[in-house]
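Each value in this text was obtained by applying a stated rule to the coordinates, not by laboratory testing. Just so it is clear, the model here is predicted, and its values are computed rather than measured. Note: ideal-geometry Cβ built from the backbone for every residue, glycine included; neighbour counts use all protein chains shown.
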Amino acid sequence: MSQQQPPINDTSIQDTNIPEHARERLTSMRNDATHKGLFTSDLSVNEFLLVREAGFDPVGLVVGSSIYHIGYQMANWGQNQEMNVLTQAMYHARELAMTRMEEEAEALGADGIVGVRLEVTRHEWGEDLAEFVAIGTAIRSRSGQHFRNTHGMPFTSDLSGQDFWTLLRAGYRPVGMVMGNCVYHVSRQGLGQWFSRVGRNVEMTNYTQALYDARELAMERMQAEALSLQAQGIVGAQIVEHSHGWGSHMIEFFAVGTAVISVSDDHQIQTPSLSLLLND
């Protein structure tokens with residue numbers, strides 16, 4: 001029989017910057033003597049059961065959003081360079097969305113958030129506007145064990161329910177979803193450069209160096225966030241790239257992953273089992 005969730009402190013919900021209807025939704029998910037809460041979750045059935053098996057209860061789907069105006073920055077036509085104004089805008093917008101998602105998890109008394117998705121969507125209100133959304137399932141430990149990060153906030157993680165269960169079983173735990181980005185302008189070729197390469201197999205060193213540098217900056221910033229959480233490593237790291245409609249010579253590299261720490265001296269890894277899918 002599952003342990004009843006402790007009641008949510010209504011005062012903590014009212015004191016946040018969470019919109020009114022979100023506060024109503026969070027309040028409705030509480031459990032107390034007179035009210036049985038209803039959790040929401042975007043976990044699959046298998047993920048839900050494995051999170052429960054790991055000793056956690058889902059307490060609610062949590063969301064953070066920021067609609068952000070992306071400013072303008074002039075680039076030198078013939079120079080590889082980071083677009084610092086755009087880099088900072090894209091990072092700050094994502095950070096606002098993540099922070100608001102964490103506020104919802106905090107209001108629910110959660111220990112962490114799993115399966116976090118961080119998405120960027122453009123609407124028709126204007127070409128310089130974008131909505132940044134962070135969404136995941138807040139969970140709470142039934143053991144009462146401390147699972148929060150070094151900042152005293154619920155941990156965030158983009159791990160699936162299966163990966164979260166596997167990580168805990170192996171003696172590790174997530175401490176935070178970490179990210180780094182870099183918006184970079186790749187210089188254009190001059191007419192002479194273009195003619196000199198016609199019909200030849202040759203490396204485009206200008207492009208190679210530009211994209212190499214941009215990826216390194218994004219990864220370096222992701223690693224710096226992990227160090228600030230006193231993590232020992234990052235799992236599930238991804239590097240994605242997108243132009244966001246800026247044009248062919250402007251690109252953002254976004255690095256994201258889950259920072260983890262060891263919680264056991266004995267890391268026993270389960271032997272993988274062979275499974276055969278019968279789907280078409």
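Here's a check for you: in region 233-264, which residue that is in a loop (DSSP other than H, G, I, E, B) and in contact (Cβ under 8 Å) with a residue 40 or more places away in the chain is nearest to Val186 (Cα to Cα)?
Narrowing region 233-264 to residues in a loop (DSSP other than H, G, I, E, B): 243-249, 263-264.
In the following step, the residues that additionally are in contact (Cβ under 8 Å) with a residue 40 or more places away in the chain were identified as 244-246, 249, 263-264.
On the way: His244: 15, Gly245: 15, Trp246: 12, His249: 5, Val263: 43, Ser264: 46 Å.
Going through the qualifying residues, I end up with His249.
Can you confirm whether region 119-135 contains a residue that is touching a Gly at 6+ places or on another chain (Cβ under 8 Å), part of a helix (DSSP H, G or I) and touching a residue at least 40 places away in the same chain (Cβ under 8 Å)? So that I can check it myself, show each step before the final result.
Going residue by residue through region 119-135, those that are touching a Gly at 6+ places or on another chain (Cβ under 8 Å) are 122, 127-128, 133-135.
Still in the list and also part of a helix (DSSP H, G or I): none.
No, region 119-135 contains no residue that is touching a Gly at 6+ places or on another chain (Cβ under 8 Å), part of a helix (DSSP H, G or I) and touching a residue at least 40 places away in the same chain (Cβ under 8 Å).
Among the candidates Leu168, Leu96, which residue alone is farther than 23 Å from Val85 by Cα and of a type in the set (A, V, I, L, M, F, W, C)? Talk me through it step by step, then tell me what you get.
Values: Leu96 fails: farther than 23 Å from Val85 by Cα.
Exactly one residue qualifies, and that residue is Leu168.
Of the residues Arg173, Arg140, Arg148, Arg117, which is closer than 25 Å to Gly233 by Cα and over 18 Å from the mean Cα position of the chain (by Cα)? Walk me through it before giving the result.
Working: Arg173 fails: over 18 Å from the mean Cα position of the chain (by Cα); Arg148 fails: over 18 Å from the mean Cα position of the chain (by Cα); Arg117 fails: over 18 Å from the mean Cα position of the chain (by Cα).
On inspection, the qualifying residue turns out to be Arg140.
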